[in-house]
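Values quoted throughout were computed directly from the atomic coordinates according to the rules given, and no laboratory measurement underlies them. Predicted model, so just to flag it, every value in this text is computed and none were measured. Note that we place each Cβ from the backbone using ideal geometry, even for glycine, and neighbour counts take in every protein chain shown.
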Amino acid sequence: MPKQKLNILLAEDDLNLGVLLVDYLEAEDFNVKLCKDGELALKAFQAHSFDVCLVDVMMPKMDGFAVAKAIRLKDKKIPLIFITAKSLKADKLKGYALDADDYITKPFDEEELLWKIKAVIRRMPQSKEEIKPGIVTIGKYAFDFINQSLKIDGKVKRITEKEADILNYLYCHRNNVIKREELLKDLWGQNDYFLGRSLD
């Protein structure tokens, strides 16, 4: 039985770049839906099922940060990569604060984007059965990975998706020393200054 193609939402207002990326990614066996502005991208996301979102930051009608925020309200787990010319530290940190999985700045090599896409896909569970079920005990805390919460003395504290991923990673490697760069590469796909700040 042939492997099902993954669906990519590409929000990019530069149609020349958009068409180039569609051709390249479809040649790599993905289905790609290209949207030329933020509103169309969000409508497409709400109407169809996607496996990865590639979102430009500077778009007409609705910018990429607003699109990403709306996507995260509906789906906290879908891989999301920002594609943008905005390379300032503040912009990158804003992107990661919205739980983006990665951030690639223009101009970039298509192959680099492909590897980033493959990296975020590898980090996603292939099925719901692969997500660690149940509640585990960490010291005096009850950690619920699925519902992203910690409970102690009857009080429940909600944590972010990335905090849950980090805590789950540490729990799965308990009693071992975890190198910072290893954690960054396994959860974010690479080790750089901006991701390190996001981890901090």
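Just a few scattered comments:
- Taking each of 92/185; 5/33; 118/185; 5/185 in turn, the alpha-carbon distance tops 19 angstrom for 5/185.
- Nearest-20 debye value, the chain charge dipole, Cβ charges on Lys, Arg, Asp, Glu: 1080 debye
- Here the chain carries DSSP beta bridges of which approximately 40% are antiparallel, counting only pairs with both residues inside.
- Cα-based helix-to-principal-axis angle, 38-47 vs the chain, degrees rounded to 10: 60 degrees
- Angstrom value of the Kirkwood radius, inverse mean 1/r, which spans all Cα pairs in the chain: 18.0 Å
- Simple label model, 7 Å out from Cα along Cβ direction - residue 74 to residue 114, nm: 2.9 nm
- In order along segment 63-80, the phi-based Karplus estimate (6.51 cos²θ - 1.76 cosθ + 1.60, θ = phi - 60°) of 3J(HN,Hα) comes to 6, x, 5, 5, 4, 4, 4, 5, 4, 5, 5, 8, 9, 7, 9, 4, x, 9 Hz; Gly and Pro are listed as x.
- Whole-Hz Karplus values for segment 181-186 come out as 5, 5, 4, 4, 5, 6 Hz, taken residue by residue from phi with 6.51 cos²θ - 1.76 cosθ + 1.60 and θ = phi - 60°; glycine and proline positions read x.
- Here the chain is scanned for trypsin sites (Lys or Arg not before Pro) in DSSP loops (not H, G, I, E, B) that have at most 10 other Cβ atoms within 10 Å, and the longest stretch holding none of them is 4-139.
- The angle separating the long axis of helix 161-172 from the principal Cα axis of greatest extent in the chain is about 50 degrees.
- Only Lys, Arg, Asp and Glu carry charge here, each on its Cβ (+1 for the first two, -1 for the last two); on that basis segment 10-66 has a dipole of about 280 debye about its Cα centre.
- Helix 15-27 and the long axis of the chain differ in direction by around 60°, with both axes built from C-alpha atoms.
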